[in-house]
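Enquirer: Have a look at the structure that comes next, please.
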Amino acid sequence: MSFLRKKPINSVDPKSSLHRTLNAFDLTLMGIGAIIGAGVFVLTGIAAATKAGPAIVFSYVIAGLASMFAALAYAELAASIGGAGSAYSYAYAGFGEFFAWLIGWDLLLEYIVSVGTVAIGWSGYVNNFFQAIHIHLPDALTKNPFEGGVINILAVLIIFLLTALLCIGVRQSARFNAVIVYIKMVTILIFITVASMHVKIEHWQPFLPFGWTGVMQGASLVFFAYIGFDALSTAVEETINPQRSVPIGIICSVIICTIIYIAVSALLTGIVSYTTLNVHSPVADALLQIGYHTAAGFIAVGAIAGLTTVMLVMFYGVSRICLAMSRDGLLPSAIAKIHPQTRTPIYIIVINGVIMSIIAGIAPINRAAELVNIGTLAAFTFVCAGTIVFRWTHPDISRPFKLPFSPLIPLLGIFFCIYLMINLPAVTWWRFMIWAVVGVIIYFLYGWKHSVLSRKK
C-alpha cells in the first residue's frame, strides 16, 4: 500500500544537517539531565504512599528493566540508522510512512505535554522559594484559569528562557545542562548522606502493603521517572562519532539513574513512614520530618535544577523530531530551515516554545504523567520491535553497536512495556486513542499528499 512506503536509511541532505559538537560525556549528562527530575523529587513519594509502599524499590527495578531493554534497542538503531527523528525515523525505515507518522505524532504528545507539565511543577517550586524569602506573587500570576488565576507566568517565563537557549545553539545548551546536572547530583548526594544515618527498619514494615498489584501500578507510574533518555537518540546529527557516543550516552545514563532511584526510594521509605509521603515535595518533606531544615532547602534547590534540565532536554528532543518530520513533508517543510549561524532549527524551536508556554500558562495538571507514560511506552514497544524487523530486513547493515541476546532482549522489552501499559488507568487509554485518531485524520488530510516520498512518485 502507498502509505506503507519506506524511506531510505540515512537519507538526510548534508546541506541541511546540524552542527556536530556533542561527545559521549555530553550525552550522558544530557541523559541524566532529562531523566532525573520529577521522578526522584516527586513521584517517588507519591507512588510509595499510594501504590507500592516500601516495595517502591521493586517498582523502580521493574520500570528500570523496561527502560534498559528499550535503551539497548534505541542504542542499536541510533548507531545503525541515525537521523534526528528518534523512534520516528526508525519506524519510517522499518515499518513505513504511516506507522512512522503515528509514532511521530505519539512522540509529539509525549514531549510537548512533558515539558508543559514539568514547567507547571517548576513554577510551583520557584513560587515556594519566593515565598520563603518573603516575595509573594499574586494568585492571578501563579495559577491557571482553572485554579482561579489568570496565567502561570513563571511557567511561561521558563519556557521562553529555554526557547532562547536552544535557539542560540546546542553546545551552549549542553554546557548549561552540565552545570545544572552537577547541582542536582550534589543535592541527591546530600540526601543520601543524611538519610543513610537515620534509617529505621520498622519503616519498611509491612514491605508490601498493597501487594504485588501495587508494585506493578507503582512501576507504571514511576516509569515517568525514566522518560528522557530517548531524547538522546535525536542528537545523532549533532554528535561527534555518533555510532559510539550515542549508545554510551543512552546506556550509561539509564544505569546511573536506575541506581540513584533505587537508593533514594529505599532511603526515603526508611527514614519516614511511607504513609506520610503523598505530598508535592516528599524528599524535602521527609528531611523536614527528621529535623534537617537546611538540607531540605538544598533539596528544593535541587528539585528546581532537576526540573529545569528535564525541560531543556525534552524540549531539545521534540524540536529535532519535528525537524525530521518536516524534512519528510509530514509537517510543513518551510519550518525545517536551519539558521546559518547557530545551525539550529529556530522556526521549529519558537513554534514549540509558543505551544508549550500556552500549555504551561493556562492548562491544569490532570493525569498528565499517565498520558505521557502511555505514549512513551508505545514508542518504546515500536523501537524494540524495530530491532527485530531490521535484523530480518537489513541483515547486512553496519551495526557499530549490536544488541546482545537478540531477539530475547527486544522481546522482553516489548513484554515489559505492554505489561506496564495494561496497568495504566482506562481513561488514559481513551485519551491516547483519541489522540491517535486525530493523528490518522491529519495524516490522510495532509501528510499523505505532501510527504517527500509522495512528491517523488
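The values are calculated or read from the model by the stated rules, or taken from the named source; none is laboratory data. Nothing here was measured: the structure is a model prediction, and the numbers come from that model. A quick note on method: Cβ atoms are made from the backbone with ideal geometry, for glycine too, and the neighbour counts reach across all protein chains shown. With ligands, DNA and RNA removed, areas are computed over all heavy atoms of the protein, side chains included. Shrake-Rupley method; radii C 1.70, N 1.55, O 1.52, S 1.80 Å.
Enquirer: Sort out which residues of segment 184-234 are touching a Leu at 6+ places or on another chain (Cβ under 8 Å) and either farther than 25 Å from Tyr74 by Cα or charged (D, E, K, R) (or both), and write them in order of number.
Expert: Result: Phe191, Ile192, Val194, Ala195, Ser196, Val199, Gly214, Val215.
Enquirer: Of all residues in segment 412-437, how many are in contact (Cβ under 8 Å) with a residue 24 or more places away in the chain and either open to solvent by less than 70 Å² (accessible area, probe 1.4 Å) or of a type in the set (A, V, I, L, M) (or both)?
Expert: The qualifying residues number 15.
For every residue, the table says whether it meets (1) in contact with an Asp or Glu (Cβ under 7 Å, 6 or more places away or on another chain); (2) of a type in the set (Asp, Glu); (3) within 27 Å of Arg431 (Cα to Cα); (4) without any contact (Cβ under 8 Å) to a residue 40 or more places away in the chain.
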site: Phe99; (1), (2), (3), (4): no, no, yes, no
site: Leu102; (1), (2), (3), (4): no, no, yes, no
site: Val115; (1), (2), (3), (4): no, no, yes, no
site: Trp122; (1), (2), (3), (4): no, no, yes, no
site: Asp139; (1), (2), (3), (4): no, yes, no, yes
site: Lys143; (1), (2), (3), (4): no, no, yes, yes
site: Asn152; (1), (2), (3), (4): no, no, yes, no
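Enquirer: Follow-up question, since we're still on this one. Condition first: open to solvent by less than 10 Å² (accessible area, probe 1.4 Å), more than 28 Å from Val150 (Cα to Cα) and not polar (S, T, N, Q). Now tell me which residues in segment 325-365 satisfy that.
Expert: Met325, Gly329, Leu330, Pro345
Enquirer: Look at Tyr125 and say whether it is within 17 Å of Val318 (Cβ to Cβ), of a type in the set (Phe, Trp, Tyr) and buried (at least 21 other Cβ atoms within 10 Å of the Cβ).
Expert: So Tyr125 does not fit the description; no.
Enquirer: Let me ask something else. Could you pull out the residue among Leu72, Leu102 that is out of contact with any strand residue (DSSP E or B) (no Cβ under 7 Å at 6 or more places or on another chain), surrounded by fewer than 24 Cβ atoms within 10 Å (Cβ to Cβ) and aliphatic (A, V, I, L, M)?
Expert: Result: Leu102 is the single residue among Leu72, Leu102 that is out of contact with any strand residue (DSSP E or B) (no Cβ under 7 Å at 6 or more places or on another chain), surrounded by fewer than 24 Cβ atoms within 10 Å (Cβ to Cβ) and aliphatic (A, V, I, L, M).
Enquirer: Let me ask something else. Can you name the condition, by its number, that Arg244 falls short on among (1) closer than 19 Å to Asn23 by Cα; (2) of a type in the set (Lys, Arg); (3) buried (at least 17 other Cβ atoms within 10 Å of the Cβ)?
Expert: (3)
Enquirer: Taking the conditions exactly as written (farther than 17 Å from Ser89 by Cβ, touching a helix residue (DSSP H, G or I) at 6+ places or on another chain (Cβ under 8 Å) and at pLDDT 90 or above), does Val437 satisfy them or not?
Expert: no
Enquirer: Turning to a different aspect of this structure: Which of the following residues is among the β-branched types (Val, Ile, Thr) and assigned to a helix (DSSP H, G or I): Ile397, Ile349?
Expert: Just a single option satisfies the conditions, and that option is Ile349.
Enquirer: Every residue in segment 247-261 that is within 24 Å of Ile422 (Cβ to Cβ) and open to solvent by 10 Å² or more (accessible area, probe 1.4 Å), please.
Expert: Residue satisfying the conditions is Thr258 alone.
Enquirer: Next question, about the same structure. Let me confirm something: among Leu137, Leu141, Leu189, Leu154, which residue is among the hydrophobic types (A, V, I, L, M, F, W, C) and closer than 30 Å to Arg343 by Cα?
Expert: Going through Leu137, Leu141, Leu189, Leu154 in turn, just one is among the hydrophobic types (A, V, I, L, M, F, W, C) and closer than 30 Å to Arg343 by Cα: Leu154.
Enquirer: Right, here's the next one. In segment 410-457, which residues are part of a loop (DSSP other than H, G, I, E, B) and more than 22 Å from the chain's Cα centre (by Cα)?
Expert: The answer is Ser451, Lys457.
Enquirer: Here is a further query. If a residue must be open to solvent by less than 10 Å² (accessible area, probe 1.4 Å) and within 15 Å of Phe416 (Cα to Cα), how many such residues does segment 29-64 contain?
Expert: Selection size over segment 29-64: 4.
Enquirer: Kindly indicate the residue of segment 154-194 that is without any contact (Cβ under 8 Å) to a residue 24 or more places away in the chain and of a type in the set (S, T, N, Q) and also nearest to Ile355 (Cα to Cα) among those meeting that condition.
Expert: The residue in question is Gln172.
Enquirer: Sort through Ser86, Ser67 and tell me the only one that's on the phi > 0 side of the Ramachandran plot, open to solvent by less than 10 Å² (accessible area, probe 1.4 Å) and within 16 Å of the chain's Cα centre (by Cα).
Expert: Ser86
Enquirer: Take the residues of segment 117-137 that are part of a helix (DSSP H, G or I) and of a type in the set (A, V, I, L, M): which is modelled with the lowest pLDDT?
Expert: Ala132
Enquirer: Quick check: is even one residue across segment 391-407 hydrophobic (A, V, I, L, M, F, W, C) and either within 20 Å of Gly218 (Cβ to Cβ) or touching a Gly at 6+ places or on another chain (Cβ under 6 Å) (or both)?
Expert: No, segment 391-407 contains no residue that is hydrophobic (A, V, I, L, M, F, W, C) and either within 20 Å of Gly218 (Cβ to Cβ) or touching a Gly at 6+ places or on another chain (Cβ under 6 Å) (or both).
Enquirer: Which of the residues that make up segment 262-315 are open to solvent by less than 30 Å² (accessible area, probe 1.4 Å) and not in a helix (DSSP H, G or I)?
Expert: Val272, Leu277
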